[in-house]
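**Q** Okay, here's the structure, questions in a sec.
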């Protein structure tokens, strides 16, 4: 267990704390939830940076880091839906995209195709984190927050489309390599 993996496990352990802070009707519950969400979100950036800087990328980290990210966002969204702070259709679009990408990423990996995170995926993550943070921290629904929610849905959809087109191209290239190996017999 290295430091990046410990941060990933810590992020997973913060998920139930976030949900309880959001759903419990205690004074300052939203503030606690916002702080927990911010800390958990920061561990994502920090664990990735440390893993790359120390060349300590592990199979555990490759598997669990994206799962931890998804657990954090999905749990927060489900709690926010139950509190009527975000529409169920918004959460459904985001959750469906995450499940579809995760499932296809697993299938592609089994076929030897690795899809690295791209610009759209990174933007999607940053916008989702900002949107969820403000939905937790802000009581009410100012127009700018509504615009952020709709923008988040749009970026989530666009990043999903970009992912699937990229996956299709990579799968086609992998298939061509299987049928026409370089330096081998065709």
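Taken together, the values in this text are just the output of simple stated rules run on the coordinates, not laboratory data. Computed from a predicted model, the values in this text were never measured in an experiment. Using ideal geometry, Cβ is built from the backbone for each residue, glycine included, and neighbour counts are taken over all protein chains shown.
**Q** In a solvent-free Debye calculation with one equal scatterer on each Cα, what is log10 I(q)/I(0) for segment 3-179 at q = 0.11, 0.16, 0.20 Å⁻¹, listed in the order of the q values?
**A** Log10 of I(q)/I(0), two decimals: -0.50, -1.00, -1.39.
**Q** So what's the angle, to the nearest 10 degrees on a 0 to 90 scale, between helix 88-110 and the longest Cα principal axis of the chain?
**A** Between the helix axis and the principal axis of the chain, the angle is about 30 degrees.
**Q** Subtract the Cα-Cα distance of residue 179 and residue 17 from 0.36 nm times their separation in residues, and report this length gain in nm to one decimal.
**A** 53.3 nm
**Q** Compute the Cα gyration tensor for segment 20-116, then decide on rounded, prolate or oblate, letting a ≥ b ≥ c be the square roots of its eigenvalues: rounded whenever a/c is under 1.5, prolate when a/b is larger than b/c in the other cases, and oblate in all that remain.
**A** oblate
**Q** Per the Kirkwood definition applied to all pairs of different Cα atoms, how many angstroms is the hydrodynamic radius of segment 1-54?
**A** Answer for segment 1-54: a Kirkwood hydrodynamic radius of 11.7 Å.
**Q** Is any residue of segment 120-137 close enough, with backbone N under 13 Å, to a label point placed 7 angstrom from the Cα of residue 38 along the Cα-Cβ axis, and if so, which?
**A** Hits in segment 120-137 for residue 38 at 13 Å: 130, 133-137.
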